[in-house]
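Colleague: Quick one: the structure is below, and I'll ask about it shortly.
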Amino acid sequence: MMDIQQIKQRFGIIGSSPALDRGLNIAAQVALTDLAVLISGESGTGKEVMPQIIHQLSSRKHNKYIAVNCGAIPEGTIDSELFGHEKGAFTGAHDSRKGYFEVVDGGTIFLDEVGELPITTQARLLRVLETGEFIKVGSSKVLKTNVRIVAATNVNIPEAIKKGKFREDLFYRLNTVPIQLPPLRERKEDIHLLFRKFAADLSAKYRMPSISLDNEAIELLINYKWPGNIRQLKNVAEQLSVIESSRNITAEIISKYLPKDNSTNLPAIYQGSDKADLSERDILYKVLFDLKSDVTELKKLVFSIMNNQDSKTIDNEKNTALIKSIQHLYTNTESSQITKEEESEIYKPQIISPDSGITQHEEVEEESLSLADKEKEMILKALEKYNGRRKNAATELGISERTLYRKIKEYKIDN
């Protein structure tokens, strides 16, 4: 088995932090087996190098190796990409196609961003891990494959399991041998080495003098948090090499290329509220139901006012809380705040004038929001419009005549 320094030289890995060395040591040991490996770490920490090391040091090194970014494949086609499909399995499937698991038989497949896989695809992947079997999309024939699976993710898998977004049994299958890659901020001793490597590579590629850092610039690099990790460091080194005319980089110069707030703009999951897990459709439904509830409460309040007209006053004790809640809903901006004088005017007993247009015998009924009632009402209007001609009424309603007959019978409409 190759030692750590030989692995670093062969695969161009720069660094000497203990956490990095431990990850490389685990990769070298597990390469001799066929166990599944799960590589965890923040975006930009170099997770894609580990599966290449595992493949090249294994007995599968002469067979195929393929890397698949699970987050970049649309949900509707990912099963076809991984497992293949038969001709006519779906619209556009003009020919049968081999999936990655069939093509890479005997080799290694790297599933990057495995936490983005749909639940249905996770079930298929679990079967491959347990039995080595899979079925093409649109087929009933069970196929066998001998593939080494290495997966990587920057998602907190245990948290995703709690939210029902990742299968717990699949996690334990993938996590047979875990490898955790440290973020760059925990590899301070490697930051300057990596920077010099990136600057030297760019200098050789474009035949330009290499840049160098003074002591203050080095100190600034080491103490920066690097939210984008190695990827961000490489970008900064390349920008300085190309844009700056001076080859001696100071802390003042380098600070222009670093975000001031040390924060990251990378995709993240908001942990503060369950609303982050809602789809746009769910949020829209919630808004509509809340609006319906508000309208219903307003109708109840108005109806209560009408019922209390004999006493000429509103039952303040009963309705004040409701009025205040309605006021709170619609006074979010400073310009719409109600003054104390206006508030006292709202909550004082209101006298309903006899000539206000409302007589003692009028009643205000709450409008029904039942879909069944609305449907029955529309059917009655259509039948009335066409003098009971059901065919014309069905056409007007956009339904078949047979459906109209069934609805008439269901609602016991005389026609």
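Colleague: Do you know which residues across region 1-60 are of a type in the set (Gly, Ala, Ser) and over 32 Å from the mean Cα position of the chain (by Cα)?
Modeller: Once the filter is applied, which keeps residues that are of a type in the set (Gly, Ala, Ser) and over 32 Å from the mean Cα position of the chain (by Cα), region 1-60 yields Gly12, Gly15, Ser16, Ser17, Ala28, Ala31, Ser58, Ser59.
Colleague: Another question, then. How about region 105-123: which of its residues are open to solvent by 40 Å² or more (accessible area, probe 1.4 Å) and closer than 22 Å to Thr33 by Cβ?
Modeller: Asp105
Colleague: Just one of (1) at pLDDT 90 or above; (2) of a type outside the set (A, V, I, L, M, F, W, C); (3) assigned to a loop (DSSP other than H, G, I, E, B) trips up Gln9, so point out which.
Modeller: (3)
Colleague: Taking the condition of being open to solvent by less than 90 Å² (accessible area, probe 1.4 Å) and of a type outside the set (Gly, Ala, Ser), how many residues in region 368-414 meet it?
Modeller: So the answer is 21.
Colleague: Within region 208-219, count every residue that is open to solvent by 60 Å² or more (accessible area, probe 1.4 Å) and in a helix (DSSP H, G or I).
Modeller: Number of matching residues: 3.
Colleague: Same structure, new question: Exactly one of (1) at pLDDT 90 or above; (2) out of contact with any strand residue (DSSP E or B) (no Cβ under 8 Å at 6 or more places or on another chain); (3) surrounded by fewer than 17 Cβ atoms within 10 Å (Cβ to Cβ); (4) under 19 Å from Val177 (Cα atoms) is unmet by Leu24. Its number?
Modeller: Going through (1) at pLDDT 90 or above; (2) out of contact with any strand residue (DSSP E or B) (no Cβ under 8 Å at 6 or more places or on another chain); (3) surrounded by fewer than 17 Cβ atoms within 10 Å (Cβ to Cβ); (4) under 19 Å from Val177 (Cα atoms) one by one, Leu24 breaks only (3).
Yes/no per residue for (1) surrounded by 14 or more Cβ atoms within 10 Å (Cβ to Cβ); (2) touching a Lys or Arg at 6+ places or on another chain (Cβ under 8 Å); (3) assigned to a helix (DSSP H, G or I):
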{"position": "Val68", "(1), (2), (3)": "yes, no, no"}
{"position": "Leu125", "(1), (2), (3)": "yes, no, yes"}
{"position": "Val128", "(1), (2), (3)": "yes, no, yes"}
{"position": "Leu143", "(1), (2), (3)": "yes, yes, no"}
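Colleague: Continuing with the same structure: Within region 161-173, can one find any residue that is open to solvent by 80 Å² or more (accessible area, probe 1.4 Å), among the basic types (Lys, Arg) and over 30 Å from Glu86 (Cβ atoms)?
Modeller: Yes, region 161-173 contains a residue that is open to solvent by 80 Å² or more (accessible area, probe 1.4 Å), among the basic types (Lys, Arg) and over 30 Å from Glu86 (Cβ atoms).
Colleague: Within region 174-206, take every residue that is open to solvent by 30 Å² or more (accessible area, probe 1.4 Å) and not in a helix (DSSP H, G or I) and give me the one that is farthest from Glu42 (Cα to Cα).
Modeller: Thr176
Colleague: Looking only at region 224-248, which residues are assigned to a helix (DSSP H, G or I) and without any contact (Cβ under 8 Å) to a residue 12 or more places away in the chain?
Modeller: Answer for region 224-248, where residues must be assigned to a helix (DSSP H, G or I) and without any contact (Cβ under 8 Å) to a residue 12 or more places away in the chain: Asn235, Ile243.
Colleague: Right, something else. Going through region 239-273 one residue at a time, which ones are open to solvent by less than 100 Å² (accessible area, probe 1.4 Å) and modelled with pLDDT under 85?
Modeller: Asn262, Ser263, Thr264, Leu266, Ala268, Ile269, Gly272, Ser273
Colleague: Taking Ile39 as meeting all but one of (1) closer than 26 Å to Lys234 by Cα; (2) open to solvent by 40 Å² or more (accessible area, probe 1.4 Å), write down the number of the exception.
Modeller: Among (1) closer than 26 Å to Lys234 by Cα; (2) open to solvent by 40 Å² or more (accessible area, probe 1.4 Å), the lone unmet condition for Ile39 is (2).
Colleague: Pick from Glu102, Glu86: which is farther than 24 Å from Val37 by Cβ and surrounded by fewer than 20 Cβ atoms within 10 Å (Cβ to Cβ)?
Modeller: Glu86
Colleague: Separate question: Given the conditions (1) surrounded by fewer than 18 Cβ atoms within 10 Å (Cβ to Cβ); (2) under 31 Å from the mean Cα position of the chain (by Cα), which single one is not true for Leu233?
Modeller: Going through (1) surrounded by fewer than 18 Cβ atoms within 10 Å (Cβ to Cβ); (2) under 31 Å from the mean Cα position of the chain (by Cα) one by one, Leu233 breaks only (1).
Colleague: Also, I was wondering about something else. Can you confirm whether Arg127 is more than 19 Å from Asn154 (Cα to Cα) and under 27 Å from the mean Cα position of the chain (by Cα)?
Modeller: Yes.
Colleague: Same structure again: From Leu20, Leu32, which residue is within 20 Å of Gly132 (Cβ to Cβ) and either touching a helix residue (DSSP H, G or I) at 6+ places or on another chain (Cβ under 8 Å) or hydrophobic (A, V, I, L, M, F, W, C) (or both)?
Modeller: After ruling out the rest, the residue left standing is Leu32.
Colleague: Continuing with this model, one more query. Considering region 159-173 alone, what residues qualify as being closer than 17 Å to Glu113 by Cα, in contact with a helix residue (DSSP H, G or I) (Cβ under 8 Å, 6 or more places away or on another chain) and not in a loop (DSSP other than H, G, I, E, B)?
Modeller: Ala160, Ile161, Glu168, Leu170, Phe171, Arg173
The values are calculated or read from the model by the stated rules, or taken from the named source; none is laboratory data. Predicted model, so just to flag it, every value in this text is computed and none were measured. Cβ sites come from the backbone with ideal geometry, for glycine too, and all protein chains shown count toward neighbours. Ligands, DNA and RNA are excluded from the accessible area calculation, which covers all protein heavy atoms including side chains. Shrake-Rupley method; radii C 1.70, N 1.55, O 1.52, S 1.80 Å.
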